[in-house]
Amino acid sequence: MGKLPNPYVGPRPFEPGETLYGRGREARELFHKLKARRIVLLHSPSGAGKSSLVEAALRERLVDDRFDVWPTARLNLNRGELTGNRFVASTIASLEDGVPEDERRGLAGLAGLGLAEYVKGRPRGEDAPESVVLVFDQFEEVLTADPVDVEAKKEFFRQLGETLRDPRIWALFAVREDYLAALAPYRDLVPTKLANTYRIDLLGRDAAREAIVETARDGGREFPAAERLLDDLATMQVQQPDGSFAAKRGHHVEPVQLQVTCRRLWDAMPDSDLSIDVEDLEKFGDVDLALAHYYRDCAWRIAEGDVQRERAIREWFGDRLVTSAGVRGQVLREAGSSGGLDNVLVERLLATHLVRAEKRAGATWYELAHDRLLGPVREDNGLWREEHLSEVQKQASLWERQGRPSGLLFLKQKLTSAERWAADNEDLVTDVERDFLAASRAAHQAAVRERRLLQVTILVALIAIVAGVFAVFQWQAAVRSAGEAAASETKARELARAAMASSFLASGQGTSGNLAALEVREPDEVPTAVSMLQETLATRLDEIVLGGHEDYLQEALFSPEGRRVLTASGDHTARIWNAETGEQILALDGHSGIVVHAAWSGDGRRVLTASGDNTARIWNAETGEQILALDGHSNYVYHAAWSGDEQRVLTASGDHTARIWNAETGEQIHSLERHSNAVRHAVWSGDGRRVLTASRDHTARIWNA
């Protein structure tokens, strides 16, 4: 059986000849209104599908009814040869594209023509219908292109009005409804004053169901799980009176989100599966994942493969269009760049329907097109940062977002590695990262000075200890000579130890464990005690460095017996180390993504890891061999935990599920599927009968295990 062609168009508008389901009523009503009223203004919210309705449904009806429908006109063509009024010239250039090539006059031959003159003299076939329909898509461009050139806009509307006084010319204007009020100054220049309007909304539930089911049927599949998908697509975050957000099911579906999700679902399914049921949705049809992948594709395509440009796009979304509270933010359009992102890139993003522009009080504001994009954008940005940014880039970004706290700065080896990276990647270092490194250097130098001061303090304390001990023993000798030696020896030792302990603890280094060094019984034992103190202090000030990973560490933890250390890293490995010497014992190498989490078994003989390659794995902690791969999640595995008896494993994933596995066979036992966003953490109850999960959907849930 050959590959089933994908019948869903994805994020682009429908084109002539393609079947548009779910808009039959609107196509009929718009056709009859245009036919009866001649001049109609079609308006809708952004992303409702005006272009698709006109091109895939209305155009064919008009042609069948003997109208001559010319190519769709745009008012903001970027052609350097255009001269004269930019809106008139752009319209004429659009209409000329529909003229047979051997009859075209070229832009030079069209220069200076008025719109009415061009329409009257445009070449037409002998059998062309008498009635002509002009279609203007994205008509708001007359308002947004060069907003201050009001005279050019008035001249265009004057010529448009002159053209439409011919009763043989029909016209349809498609415009985003948030620009309707801004057309007011120009309406009087057009016949009917643009009084005849028609509005379409986002897809209602019945229309969306038809778009899902009938399109799938055209492609050769049934879609019995359509209702489940509709519930998911219609879900949105609604703010509650207390300021929190709750997931609510709305009454409309965004056409772009429907097409993106269904197209990805179709491509992911096996060709042999001709029925899309709930199980297929759970495995292949996650809406958030589909939108995250669409966002990822758009960011990569618009960045044209440039990592720095893609980072700028993603930070614009993550830091400006999404607030720290996880709700939509807004960015004001400014000259050259808006919110730090080049306006050329912003314009390209608008075409993806990920972003929408809104005019208020003469200014343009940008925001996410829909609340449903909040989770996918944040989730995918996090994954992208893990995959593409160095440790210093990620830390500097976190430092900046949290107000530049000193607790996030790099010291010692981390600072050395960060500076080495910056020297090797000078062209990638941003201003924020330079500030971060400078602040880290200053903090490190301050720590060195403080350390040296502490060492001097300790040395002074040692000298005081020695002097105190000798003074006490001199006193002890004097007491002995007076005949009170028996009682005084005990007192002398107590005083000596108290003096030394007092000085030692004052230095900040003493503990109940290392005060054993102060058990001085005879004067000639003092040098030995001092030597022991110096050794103890040296040990306190030294550190064991576990160096060998090639990327940042996600986690580090002692083994149950305390003699080994387990680390998890962005270099796709977990490693086991000798906790006394720092020597690497084993590298657990097999994951193809970052190791996000690692855990010892209770007896220290096995290790459990969770990874960005969508798997969790169990390893032999004695040999480093992989025992099992727990494979079934469709997104990052963020956390994995042993049950109390270590017969089962619990995993938490970005695919919105937690899962329970048999730790001996690797077989999946249960899938816990009620969260609507990534599950970041999951734990067992003490008796292993229940599971607790925490998710980015703002909920925690308790399950029967």
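The values are calculated or read from the model by the stated rules, or taken from the named source; none is laboratory data. What you are looking at is a predicted structure, and each value in this text was computed from that prediction instead of being measured. Glycine also receives a Cβ, built like all others from the backbone with ideal geometry; neighbour counts cover every protein chain displayed. With ligands, DNA and RNA removed, areas are computed over all heavy atoms of the protein, side chains included. Shrake-Rupley method; radii C 1.70, N 1.55, O 1.52, S 1.80 Å.
A few comments on the model shown:
- Breaking point among (1) exposed (fewer than 14 other Cβ atoms within 10 Å of the Cβ); (2) at positive phi, for G604: (1)
- In segment 442-464, the residues that are open to solvent by less than 60 Å² (accessible area, probe 1.4 Å) form Cβ pairs under 9 Å with partners that are outside any helix (DSSP H, G or I) and among the aromatic types (F, W, Y), at six or more places apart or across chains, as follows: A443/F410; H444/F410.
- Restricting attention to segment 362-384, the residues being assigned to a helix (DSSP H, G or I) and free of Cβ contacts under 8 Å to residues at least 40 places away in the same chain number 1.
- Complete set of residues in segment 18-60 that are of a type in the set (D, E, K, R) and within 43 Å of the chain's Cα centre (by Cα): E18, R23, R25, E26, R28, E29, K50, E55, R59, E60
- For segment 629-637, the criterion of being under 26 Å from D380 (Cα atoms), open to solvent by 10 Å² or more (accessible area, probe 1.4 Å) and touching a Phe, Trp or Tyr at 6+ places or on another chain (Cβ under 9 Å) is met by at least one residue.
- Residue in segment 644-661 that is polar (S, T, N, Q), in contact with a strand residue (DSSP E or B) (Cβ under 7 Å, 6 or more places away or on another chain) and assigned to a loop (DSSP other than H, G, I, E, B) present: yes
- Any hit, segment 201-210, residues being of a type in the set (D, E) and not in a loop (DSSP other than H, G, I, E, B): yes
- T665 being of a type in the set (V, I, T), over 19 Å from G612 (Cα atoms) and open to solvent by 70 Å² or more (accessible area, probe 1.4 Å): yes
- E117 vs. criteria open to solvent by 60 Å² or more (accessible area, probe 1.4 Å), at negative phi and not in a helix (DSSP H, G or I): no
- Filtering segment 552-598 to residues that are among the aliphatic types (A, V, I, L, M), surrounded by fewer than 22 Cβ atoms within 10 Å (Cβ to Cβ) and in contact with an Asp or Glu (Cβ under 9 Å, 6 or more places away or on another chain) leaves L553, L586.
- Just one residue in the set R209, R176 is surrounded by fewer than 20 Cβ atoms within 10 Å (Cβ to Cβ) and among the basic types (K, R); that residue is R209.
- When residues in segment 407-432 are screened for being assigned to a helix (DSSP H, G or I), more than 21 Å from H549 (Cβ to Cβ) and at pLDDT 85 or above, 2 of them pass.
- Failed item in (1) free of Cβ contacts under 8 Å to residues at least 60 places away in the same chain; (2) surrounded by fewer than 20 Cβ atoms within 10 Å (Cβ to Cβ); (3) not small (G, A, S), with K283 passing the rest: (1)
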